[in-house]
1. Name the pairs: first residue in region 19-39 and farther than 18 Å from residue 56 by Cα, second residue part of a helix (DSSP H, G or I), Cβ to Cβ under 6 Å, at least 6 apart or on different chains?
2. Could you tell me how many of the residues in region 12-28 are outside any loop (DSSP other than H, G, I, E, B) and farther than 18 Å from residue 54 by Cβ?
3. Restricting to region 33-55, give me the number of residues that are touching a strand residue (DSSP E or B) at 6+ places or on another chain (Cβ under 8 Å) and exposed (fewer than 10 other Cβ atoms within 10 Å of the Cβ).
4. Checking residue 58 against (1) loosely packed, with under 10 Cβ neighbours inside 10 Å; (2) in a strand (DSSP E or B), only one condition comes out false. Which one?
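Please treat every number below as a calculation from the coordinates, not as lab data. Here the structure is a predicted model, which is why all the values come from computation and not from measurement. Heads up, the Cβs are rebuilt from the backbone with ideal geometry, glycines too, and the neighbour counts pull from every protein chain shown.
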């Protein structure tokens, strides 16, 4: 099962965590959506380096 957890705060803070895996189109769709969003943010960072900073932290796992 793929589990998505979204944490929000009243100030607009938003955190999205994805865990797990399934052999289905649902897992592929979730992966594609999240990876595309990160790539889009990286592209925006290149266009607007004074307005946006994207930090990718690689895990040792």
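1. From region 19-39, the pairs are 21/27.
2. Residues in region 12-28 being outside any loop (DSSP other than H, G, I, E, B) and farther than 18 Å from residue 54 by Cβ: 6 in total.
3. 0
4. (2) is the only condition that residue 58 fails.
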